[in-house]
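Read-outs: derived from the displayed coordinates by stated rules, not from any lab. Small disclaimer: the values here were computed from a predicted structure and weren't measured. Cβ placement follows ideal geometry from the backbone for every residue including glycine, while neighbour counts extend to all protein chains displayed.
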Amino acid sequence: MVRSSGVRVQVPASTANLGPGFDTLGMALSLYSWIEMKPADTTVFHLYGDNLDGLPKDKSNLIYTVAQSVFAEAGVQIPELEISMCSDIPLTRGLGSSASAIVGALYAANALIGSPLPLARLLDMATALENHPDNVGASLYGGIITAVWDGTHAVILRIEPPQHLEVLVAIPEFQLSTSKAREALPKQVSLGDAVYNISHSSMLAAALAMGRLDLISAAMQDRLHQPYRASLVPGMMQILEEATQHGALGTALSGAGPTLLALVNAQSGQGEQLEAFLLKVLKSHDITARTLWLKPCTHGAKELTMDKESSLLDYVRGEVKA
Ligand SMILES: Nc1ncnc2c1ncn2[C@@H]1O[C@H](COP(=O)(O)OP(=O)(O)O)[C@@H](O)[C@H]1O
Ligand SMILES: N[C@@H](CCOP(=O)(O)O)C(=O)O
């Protein structure tokens, strides 16, 4: 059943790794992309907002190719699509823009044909495209996720974010692609570093699941990726080492960076001090950054009511930015 009137979906951004959980932990954030998809006579794109500048507006666009993979899997043919997209998620900053695009395209395309594919299948397809399940899992399921991936199937356990958990991100002006940040990683690590990360990541997942905010700073330590990526984000090590003295529960490189992320207890009253500290350290390295206060997003990709009267942009402006 193809829904000729089209579908509209909202997808949250995500932060991957949370420090020690490299390629396995992720959290959805209250920052969003919106995709609208309709069958059309000729393929056409409407990309709204600065965050989508420069992306292709033809059939090479990720949203189109991912949508076609859903139709192929379901045995349906919709070769021409009208695709609209609007996004508050900055590209190549470590906030999961590619994952949200993949998840949004999978979710919208599946909804357009009556949702024949289960969420677990969309997760496998998304992970195969992104190569790791942490961002796509969070964007698809919302909340905090811990995921395993065997190269074919992903399994997700979703953790409800603790009450009072807030997220401060400092987003540098410069871009850093995930592929470049992965090239900085070693091919092999020592047993000691592997044990270090397993122990910290397990502790972090358990602390988040149990609402033990007091254990986050001890758990949020990493030896697998952040030290190797430090030279790509000057000031990062100082922030990781000192931010807890300025009110953070814990800090991490968000995904592959360059965004830096601090988990904060909303009741701490130290938000301004922490924000000033992050910006001061980055500025001392000549990095201009902007900060955003976010919350964990408890829902994943979801379908929105399609209002025939308003365009996607009108919808987003009215609902979110007004
Ligand atoms: N809406 C979109 N449409 C098409 N491609 C996208 C979209 N969003 C992201 N991408 C692709 O994903 C890339 C960014 O992915 P990546 O380097 O993993 O960084 P991020 O941390 O933002 O996910 C962009 O350069 C672009 O190629
Ligand atoms: N686990 C991945 C996460 C990449 O996240 P992104 O938001 O930067 O795409 C990694 O650390 O490489």
Calculated from backbone phi, Karplus (6.51, -1.76, 1.60) coupling profile of the stretch 278-290 in Hz, x at Gly/Pro = 4, 5, 5, 5, 5, 4, 5, 9, 6, 9, 8, 9, 10
Can you give the relative contact order of the chain as a percent, counting alpha carbon pairs under 8 Å and 6+ residues apart?
-> 25
Find the eigenvalues of the gyration tensor of the Cα atoms of the stretch 165-294, then list the square roots of 5 times those eigenvalues as equivalent ellipsoid semi-axes, largest first, in whole angstrom.
-> 22, 21, 11
Kindly provide the GluC sites (Glu not before Pro) of the stretch 38-89 that DSSP labels as loop, not H, G, I, E or B, and whose Cβ sees at most 10 other Cβ atoms within 10 Å.
-> none
What's the FRET efficiency of residue 209 with residue 60 using the Cβ-Cβ distance as r and R₀ = 45 Å, to the nearest 0.05?
-> 0.65
Modelled label reach - residue 72, point 7 Å along Cα→Cβ, the stretch 106-121 residues with backbone N closer than 16 Å | 106, 109-110
Kindly put 8, 182 in sequence by how many other C-beta atoms sit within 10 Å of each C-beta, fewest to most.
-> 182, 8
Provide the net charge surrounding residue 189, with neighbours chosen by a C-beta distance below 12 Å and charges set as Lys +1, Arg +1, Asp -1, Glu -1.
-> 0
The stretch 123-195: which GluC sites (Glu not before Pro) are DSSP loop and have at most 16 other beta-carbon atoms within 10 angstrom?
-> 173
In degrees, nearest 10, range 0 to 90: what is the angle between the Cα axis of helix 62-74 and the longest Cα principal axis of the chain?
-> 60
Roughly how compact is the chain, stated as its Cα Rg over 2.2 N^0.38 Å to two decimals?
-> 0.99
If each residue's Cβ is checked for other Cβ atoms within 10 Å, how do 223, 93 rank with the fewest at the top?
-> 223, 93
Checked against a 31 Å limit on the C-alpha separation, the offending pairs among 280/302; 57/302; 180/280 are 280/302
To the nearest Å, what is the center-to-center distance of the stretch 55-104 and the stretch 255-322, using C-alpha atoms only?
-> 22
Mind ordering 97-109, 23-35 by average Cβ neighbours within 10 Å, highest first?
-> 97-109, 23-35
Please state the relative contact order of the stretch 98-165 as a whole percent: Cα pairs under 8 Å, 6+ residues apart?
-> 27
Spacing of the two label points (7 Å from each Cα toward its C-beta) at residue 163 and residue 115, in nm = 3.0
Phi-derived 3J(HN,Hα) across the stretch 202-218 with the Karplus relation (6.51, -1.76, 1.60, θ = phi - 60°), rounded Hz, x for Gly and Pro, is 4, 4, 5, 4, 5, 4, 5, 5, 9, x, 8, 4, 5, 9, 5, 5, 5
Quick one: compute the contact order of the stretch 24-143, relative version, from alpha carbon pairs under 8 angstrom and 6+ residues apart, as a percent.
-> 36
Which value in deg cm²/dmol, rounded to the nearest 500, describes the helix-derived mean residue ellipticity at 222 nm for the chain, given -39,500 (n - 2.57) per DSSP H run of n ≥ 4 and division by the residue count?
-> -10000 deg cm²/dmol
Under a 5 Å amide H to amide H cut-off, with H placed in plane at 1.01 Å, what residues pair with residue 142 once short-range neighbours are removed?
-> 300, 301
